[in-house]
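Please treat every number below as a calculation from the coordinates, not as lab data. Bear in mind the structure is a predicted one, so any value in this text is a computation, not a measurement. A quick note on method: Cβ atoms are made from the backbone with ideal geometry, for glycine too, and the neighbour counts reach across all protein chains shown.
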Amino acid sequence: MRFLLSAALLAMLTGPAHAAPPQIVTDTAISGALVSQIMGDLGQPHVLLPTGSGVHHYQMRPSDARALQSAQLLVWFGPQLTPWLDRAAGGRDDQAGQLQLLSVPDATLRALNPADAHHHDHDHGDTDPHAWLDLSNAPVWLDHIARRLSELDPPNAAIYADNAAAAAREYRALDERIAATLAPLEDADFAVFHDAYGYFTDRYGLRPAIAVLPGDATSASAARVQAVRAQIAESGARCAFPEYGHDPVLIRTVTEGTDVTVGGELDPAGAGVPQGPSHYLDTMRGLADTLSGCLDKG
């Protein structure tokens, strides 16, 4: 004998329907990792910038534009880092539709090197956009993202809060580990491909890096190369580090004929790190390990 279940009884047996988690878009894999950690099993964000792409210049695909249009929230650093997103983001409600991480209260920010302020075809403003390289910002951003997700999805607010708290503990633990690893190297001079590491050196008490280029989109004149070579020689720098995605010839040029060791590639934006919830942690861990791996031998 067949039994027909009434709609009311079927609803009781299957339980209440839950709305789908909000659709979130992020600019980079760094911001995407923060959102991923907070959402957990509930969902994943759409990350606009593909792995290996340059942060400052990117042409969005039609699928990116569609994802951005349908998303309830855009989480991005701001036009200082990803200017290619500025026009598309401008069409969203600043309060309800987007969260700019470089504009949240309590984030630690530093001024941009004036020499880097106009190295692209836009004006960065006066804020250094590489703020994720200061790990004290991660818990601040997690808190703000969790609040926004909770406003969009109140039934899952407790999950977002718990996931954010757990992720914050991971970042604080890594921050302590990196500080302990780099503490003996506070007097070590070193050279890098471009001027992007101020947050990192400030956070861990390192000497400011000697930058071959003021920005990652500039070129080095013969005078610039000579000046950097002289600065490296005068400082007694131990190591010089090429950068992921950039020709290492400049690093070899400024260190040729010196005792400076060429270290491994630094990857400050995580362009060579797989995307996902651990991307930010892995990026910072790799940066610290690459620096200490060379400087510790000096």
- [ ] Please compute the net charge surrounding LEU266, taking Lys and Arg as +1 and Asp and Glu as -1 over other residues with Cβ under 11 Å from its Cβ.
- [x] -4
Open item on the list: What's the magnitude of the charge dipole for the chain around its Cα centre, counting Lys and Arg as +1 and Asp and Glu as -1 at the beta-carbon? Answer in Debye, nearest 20.
Closed with: 800 debye
Task: Expected 222 nm ellipticity per residue - DSSP helices of 4 or more, -39500 (n - 2.57), all of the chain, to 500 - done: -12000 deg cm²/dmol
- [ ] Report ³J(HN,Hα) in whole Hz for each residue of region 266-276, in order, from the Karplus equation J = 6.51 cos²θ - 1.76 cosθ + 1.60 where θ = phi - 60°; Gly and Pro get x.
- [x] 8, 9, x, 9, x, 5, x, 9, x, 6, x
- [ ] Taking amide H positions as placed in the peptide plane 1.01 Å from N, state which residues far from LEU213 in sequence (5 or more) or on other chains have amide H under 5 Å from it.
- [x] HIS194, ASP195
Open item on the list: What's the ranking of 250-259, 24-33 by average number of surrounding C-beta atoms within 10 Å, highest first?
Closed with: 24-33, 250-259
Task: Local electrostatic count, GLN37, Cβ distance below 13 Å [Lys/Arg +1, Asp/Glu -1] - done: -4
Task: Amide proton proximity set for PHE241, modelled H, under 5 Å, gap of 5+ - done: ALA191, VAL192, PHE193, GLY263
Task: Whole-number percent relative contact order across region 184-295, with pairs defined as alpha carbons under 8 Å at least 6 apart - done: 25 percent
- [ ] Compare the Cα positions of ALA168, VAL47, GLN226 along the charge dipole of the chain (+1 at Cβ of Lys, Arg; -1 at Cβ of Asp, Glu; about the Cα centre) and return the one farthest towards the positive end.
- [x] VAL47
Task: Integer Hz, Karplus 6.51/-1.76/1.60 couplings in order for region 220-228, x for Gly and Pro - done: 9, 7, 4, 5, 5, 4, 5, 5, 5
Open item on the list: Relative contact order for the chain: what percent, with Cα pairs under 8 Å and sequence separation of 6 or more?
Closed with: 18 percent
Open item on the list: I'd like the FRET efficiency for ASP247 and ALA158, computed as 1/(1 + (r/R0)^6) with the beta carbon distance as r and R0 of 35 Å, rounded to 0.05.
Closed with: 0.10
Task: Ordering of 281-290, 98-107, 34-43 by burial proxy (mean other Cβ atoms within 10 Å per residue, highest first) - done: 34-43, 281-290, 98-107
Task: Per-pair calculated FRET efficiency, R0 = 35 Å: GLN44 and ASP187 via Cβ, rounded to 0.05 - done: 0.25
TODO: Would you mind giving the three semi-axes, in whole Å and largest first, of the ellipsoid equivalent to region 184-295 according to its Cα gyration tensor?
DONE: 23, 16, 12
TODO: With θ set to phi - 60°, apply the Karplus curve 6.51 cos²θ - 1.76 cosθ + 1.60 along region 60-75 and write out the HN-Hα couplings as whole Hz, x wherever there is a Gly or Pro.
DONE: 5, 7, x, 5, 5, 4, 5, 5, 5, 5, 8, 6, 7, 8, 9, 10
Open item on the list: Suppose a student asked you for the relative contact order of region 24-177, using Cα pairs under 8 Å spaced at least 6 residues apart; what percent would you report?
Closed with: 23 percent
